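Colleague: The structure is given below, and queries will be raised subsequently.
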Amino acid sequence: MASLTVLDLRRNNFIGNLPPLCAQGTSLSTIVVNGNRFEGPVPVSLLKCNVLEVLDVRNNAINDTFPAWLGTLQELQVLILTSNKFHGPISTCQTKLCFPNLQIFYLSRNDFSGSLPAKVFGNFKAMIKLDDEDTREIKYMESKSNLSFDTSYEDSVSLVIKGHDIELQRISTITTTIDLSSNHFEGVIPETLKDLSALWLLNLSHNNLIGHIPMELGQLNTLEALDLSWNRLTGKIPQELTRINFLAVLNLSQNHLVGPIPQGPQFNTFGYDSYGGNLDLCGLPLSKQCETSDSSHVPQQEDEGESYFFSGFTWESVVIGYSCGLVVGTFHVESHV
C-alpha cells in the first residue's frame with residue numbers, strides 16, 4: 001500500500017488552526033500549506049514527522065513564537081516561516097543536534113525581535129563546507145512516491161532578487177540560504193556567521209542592526225548575494241569583502257556607512273544602488289570623491305533614472321514543483337495536489 005510522502009495544500013482558503021499533522025506518525029517528507037489563512041501556533045504533533053525534509057507555512061496568519069523544537073527533526077532541510085505573525089526572539093534548541101541538515105532558513109516578514117541568533121547559526125552543520133567536500137557529488141532533494149507509475153515530486157527554489165525572478169529547478173546540496181529580512185532584529189551582526197562557509201545567499205535587510213559590518217564575512221567565499229540594506233550599520237565597508245569571488249549581488253544601501261568604497265574584481269561591478277543613502281561613503285561608483293579633509297555630510301547626487309529609495313532584494317520561499325518523468329531544466333510543471 002502506498003504511503004503519503006507529500007502534502008501540498010498551497011493557495012487555498014483554508015482557515016482555522018493548522019491540523020495536528022503527523023499526530024499518528026507518517027512518512028511525510030514535504031508539507032506545504034503556504035498561501036492560506038491558517039492561524040494559531042505550529043502544531044507540536046510535527047515532532048512525529050520523523051522524515052520531514054520541507055516545511056513551508058509562509059503567507060498565512062500563524063501566530064507563534066519561534067518553534068525551536070523543530071530542530072529535533074534531523075532530516076529537516078527547508079524551513080519557511082515567511083509572512084506570518086511569528087514574534088519574539090529566536091530561541092535555541094535544547095538538544096545537542098539541532099537543525100543539523102537545514103539548508104534554507106526563511107523567517108522574513110514577521111515580528112521577530114532580539115539579537116541575531118548566533119548560537120542557532122552554529123547548529124547549521126549543512127551550511128558548513130568541510131575541507132573534503134570541495135569535490136563532493138551534488139545531490140538534489142526529491143521525494144519519491146510509492147505509486148506504481150513513474151512519478152516524482154521535486155523541491156525547487158523561487159528567488160526574487162531586485163525584482164528579477166530566478167527559478168532554481170531543484171534544491172541541491174549547495175543551495176544554502178538565510179533570509180531574516182523585514183523583522184525587528186537588533187544588535188550587531190555576529191562574527192560567527194563566517195563559520196557558515198557554504199552559505200550562498202544572506203539577507204538581513206530591513207531590521208535595526210547596528211555596529212560595523214564584520215570583516216569576517218569576507219571568509220564566506222561561496223556567497224553570491226548579500227543584502228544588509230535598511231539597517232543602522234556604521235563604520236567602513238571592510239576591504240575583506242572584496243575576497244568574495246562569487247559575489248554577484250550586493251546591497252548595503254540605507255545605512256550609516258562611511259569612508260571609501262573598496263575596489264576589487266566583484267566590487268567594481270556594483271552600481272550606485274548598492275550604496276545609496278550612506279551619506280558619508282565616497283569613491284566609485286558614487287559621484288562623491290574621497291577627500292581626507294572632508295568630514296561633512298554631502299548629499300550624493302543620484303544617477304539619472306536611479307531611485308533614492310531601494311527595496312533591496314527578497315528571496316521568496318521554496319516553491320514545490322511537480323514533474324512526471326520530465327527532464328529538469330527543460331520543462332517544469334506546477335500542480336496542486
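Colleague: For region 5-49, what are the residues that are aliphatic (A, V, I, L, M) and within 17 Å of GLU75 (Cα to Cα)?
Modeller: VAL6, LEU7, LEU21, LEU28, ILE31, VAL32, VAL44, LEU46, LEU47
Colleague: Residues in region 249-269 that are part of a loop (DSSP other than H, G, I, E, B) and either of a type in the set (Gly, Ala, Ser) or at pLDDT 95 or above (or both): how many?
Modeller: Total meeting the criteria: 7.
Colleague: Which residues, taken from region 55-69, are aromatic (Phe, Trp, Tyr) and either part of a helix (DSSP H, G or I) or at pLDDT below 95 (or both)?
Modeller: TRP69
Colleague: Tell me which of these SER229 doesn't satisfy, since it passes every other one: (1) crowded, with 22+ Cβ neighbours inside 10 Å; (2) of a type outside the set (Lys, Arg); (3) without any contact (Cβ under 8 Å) to a residue 40 or more places away in the chain.
Modeller: Condition not satisfied by SER229: (3).
Colleague: Which is free of Cβ contacts under 8 Å to residues at least 60 places away in the same chain and either closer than 17 Å to ILE178 by Cα or in contact with a Gly (Cβ under 7 Å, 6 or more places away or on another chain) (or both), of LEU209, LEU220, LEU196, LEU204?
Modeller: LEU220
Colleague: For region 92-125, which residues satisfy the criterion of being surrounded by fewer than 16 Cβ atoms within 10 Å (Cβ to Cβ) and either within 20 Å of ASN203 (Cβ to Cβ) or touching a Ser or Thr at 6+ places or on another chain (Cβ under 7 Å) (or both)?
Modeller: The answer is THR95, ASP111, SER113, GLY114, SER115, LYS119.
Colleague: Another one. Scan region 233-255 and report the pairs whose first residue is closer than 13 Å to ASN268 by Cα and whose second residue is of a type in the set (Lys, Arg) and modelled with pLDDT under 95, with Cβ atoms within less than 9 Å and a gap of 6+ or a chain change.
Modeller: VAL249/LYS162
Colleague: OK, next. Could you tell me which residue of region 66-75 is farthest from HIS184 (Cα to Cα), considering only residues that are surrounded by fewer than 23 Cβ atoms within 10 Å (Cβ to Cβ) and aliphatic (A, V, I, L, M)?
Modeller: Looking at residues that are surrounded by fewer than 23 Cβ atoms within 10 Å (Cβ to Cβ) and aliphatic (A, V, I, L, M), I get LEU70.
Colleague: Determine if region 283-305 includes at least one residue that is of a type in the set (Val, Ile, Thr), at pLDDT 90 or above and either surrounded by fewer than 21 Cβ atoms within 10 Å (Cβ to Cβ) or over 24 Å from LEU202 (Cβ atoms) (or both).
Modeller: no
Colleague: For region 28-45, does any single residue satisfy the condition of being of a type in the set (Phe, Trp, Tyr) and within 24 Å of GLY187 (Cβ to Cβ)?
Modeller: Within region 28-45 (the criterion being of a type in the set (Phe, Trp, Tyr) and within 24 Å of GLY187 (Cβ to Cβ)), the answer is no, since none of the residues qualifies.
Colleague: Within region 70-113, work out how many residues are without any contact (Cβ under 8 Å) to a residue 60 or more places away in the chain and either outside any loop (DSSP other than H, G, I, E, B) or at positive phi (or both).
Modeller: Result for region 70-113: 8.
Colleague: If you go through region 178-223, how many residues are charged (D, E, K, R), more than 21 Å from ASN101 (Cα to Cα) and outside any strand (DSSP E or B)?
Modeller: The total comes to 2.
The values are calculated or read from the model by the stated rules, or taken from the named source; none is laboratory data. Computed from a prediction, not measured in an experiment: that's the story for all the values here. Glycine gets a Cβ as well: all are built from the backbone with ideal geometry, and neighbour counts include every protein chain shown.
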